[in-house]
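A.B. asks: For reference, the structure I am asking about is given below.
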Amino acid sequence: MSMLEAAGVHVRFGDRVVLESVDLAVAEGEFHGVMGPNGAGKTTFFNVLTGRVKPSRGKIRLGGEDVTGLSPHRIANKGIARSFQIMTLFDEFSARDNVMMGLPEFRARGLDIARAAAGDRRFAEQASDALAAVGLADKGDVRAKDLSYGDRRALEIAVALAQAPRVLCLDEPTSGLGSDGVQRLATLVARLKGKLTIVAIEHDMEFLFSLADRISVIHWGQVVARGTPHELQQNEWVRRSNLGKFA
């Protein structure tokens, strides 16, 4: 049984068909990449997986459970966490406080950081563990806005990890990063591989092809190719397309 499955997902906005019969099956512990040109429907597909867009038809299953059309909050509670291409952090709060606000038990007590943290030291400890997992163990007290861009990307992943997800969805995680930042992120993702299921939209083909177990290519709102990085390198359509120079 797949950890995450999309079956026949179709999305229409007015007269415009954005996704048409998209299928995806991601095994537990797999890193599955999603690639394709701008406007292909990748972000809309992510929005369907995470509850921000309800499909016109089709099903989304998480661990065999139908989660189609649930709200983002309910899908997050079911075990799907997401990072965004445009980061969503609380800039005036410390890195540790940002992560604490991602903890399900913390959120259940409201967002009064001082009161909740004082009432239960486990929150700070769990947040520190998540920061350590992404290489930010020594930056818990630094305000988010004072972190480097690469550290902010790592912090956003720590916030997602704090939710103890079964599936981590990464939307363009290397966006805006320099070569050093991309390498650091690649090292982080490599450590996470196998420990949880990861689905990533990514334009950096070197990053994606070096890490992904399998990759789906979305174009014109459809999956036009799928396979391991090696299989895609041999795919005639990919080789003849603009994507071929990356593959």
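Read-outs throughout are calculated quantities, based only on the coordinates presented, and are distinct from any laboratory measurement. Please read all numbers here as calculations on a predicted model, not as lab measurements. Reconstructed Cβ throughout: ideal geometry from the backbone, glycine too, with neighbour counts over all protein chains shown.
A.B. asks: Based solely on its DSSP helices, what 222 nm [θ] is calculated for the chain when runs of n ≥ 4 H residues each add -39,500 (n - 2.57) and the sum is averaged over all residues, nearest 500 deg cm²/dmol?
C.D. replies: On the way: 11 runs with 90 residues, N = 247.
Mean residue ellipticity, 222 nm, calculated: -10000 deg cm²/dmol.
A.B. asks: Right, something else. Quick query: amide H of Ala25 versus all other amide H atoms, modeled in the peptide plane; which residues come in under 5 Å with a sequence gap of 5 or more or a different chain?
C.D. replies: When sequence neighbours closer than 5 places are left aside, the close amide H contacts are Ala6.
A.B. asks: Could I ask something else about it? Take the Cα radius of gyration of the chain and divide it by 2.2 N^0.38 Å, with N its residue count; two decimals is plenty. Provide the component values of the computation, followed by the final result.
C.D. replies: On the way: Rg = 18.3 Å, N = 247, 2.2 N^0.38 = 17.9 Å.
Rounded to two decimals, the normalised Rg is 1.02.
A.B. asks: Return the loop-located GluC sites (Glu not before Pro) in the range 23-101 (DSSP other than H, G, I, E, B) with at most 15 other Cβ atoms within 10 Å of their own Cβ; answer none if there are none.
C.D. replies: Working: sites: Glu28, Glu30, Glu65, Glu92; in loops: Glu28, Glu30, Glu92.
Loop-located and lightly packed - Glu28, Glu92.
A.B. asks: Now, a different point. Please work out how much length the chain gains when fully extended from Glu92 to Asp66, using 0.36 nm per residue of separation minus the C-alpha to C-alpha distance, in nm with one decimal.
C.D. replies: Working: separation 26, 0.36 × 26 = 9.36 nm, distance 3.79 nm.
Residue separation times 0.36 nm, minus the Cα-Cα distance, leaves 5.6 nm.
A.B. asks: If you find the alpha carbon centre of the range 181-196 and of the range 21-89, how far apart are they in angstrom?
C.D. replies: Distance between centres, Cα-based: 20 Å.
A.B. asks: Name the lysines eligible as straight-distance cross-link partners of Lys54: C-alpha to C-alpha under 20 Å, and not fewer than 8 places from it in the same chain.
C.D. replies: Lys42, Lys78
A.B. asks: With angles folded into 0 to 90 degrees, how steeply does helix 149-161 sit against the dominant principal axis of the chain? Use alpha carbons for both and round to 10.
C.D. replies: Rounded to the nearest ten degrees, it is 90.
A.B. asks: For the range 2-88, which semi-axes, largest first and in whole Å, follow from the square roots of 5 times the eigenvalues of its Cα gyration tensor? Kindly include the intermediate steps, with their values, before the conclusion.
C.D. replies: Numbers: eigenvalues 71, 46, 40 Å².
Sorted largest first and rounded, they come to 19, 15, 14 Å.
A.B. asks: Now a separate question. Aspartates and glutamates within cross-link reach of Lys195: Cα-Cα under 12 Å, excluding same-chain residues under 8 positions apart?
C.D. replies: Filter leaves Glu28, Glu30.
A.B. asks: Oh, and also: By count of other Cβ within 10 Å, fewest leading, how are Leu188, Leu161 ordered? Don't skip to the end; give the middle numbers.
C.D. replies: Numbers: Leu188 18, Leu161 22.
Listing Leu188, Leu161 from fewest to most nearby Cβ atoms yields Leu188, Leu161.
A.B. asks: A follow-up question, please. Quick one: what are the phi-derived ³J(HN,Hα) couplings along the range 168-176, Karplus 6.51/-1.76/1.60 with θ = phi - 60°, whole Hz, x for glycine and proline?
C.D. replies: Per-residue couplings from phi come out as 10, 9, 10, 9, 6, x, 8, 4, x Hz.
A.B. asks: Return one number: the angle in degrees, 0 to 90 and rounded to the nearest 10, between the long axis of the Cα atoms of helix 122-133 and the longest principal axis of the Cα atoms of the chain.
C.D. replies: It works out to around 50 degrees.
A.B. asks: In what order do Met35, Met205 fall by count of nearby beta-carbon atoms within 10 Å, going from fewest to most? Intermediate values should be presented prior to the final figure.
C.D. replies: Working: Met35 26, Met205 17.
So the ranking, lowest neighbour count to highest, is Met205, Met35.
A.B. asks: Using 1/(1 + (r/R0)^6) with R0 = 22 angstrom and r between the beta carbons of Gln183 and Glu231, what's the FRET efficiency to the nearest 0.05? Don't jump to the answer; show the numbers that get you there.
C.D. replies: Values: r = 25 Å, r/R0 = 1.16.
My answer for the efficiency is 0.30.
A.B. asks: Moving to a separate point now. Exposure proxy check: Phe207, Phe93 ranked by fewest other beta carbons within 10 Å? Display every interim value, and only then the final one.
C.D. replies: Details: Phe207 20, Phe93 16.
If I rank by nearby Cβ atoms, fewest first, I get Phe93, Phe207.
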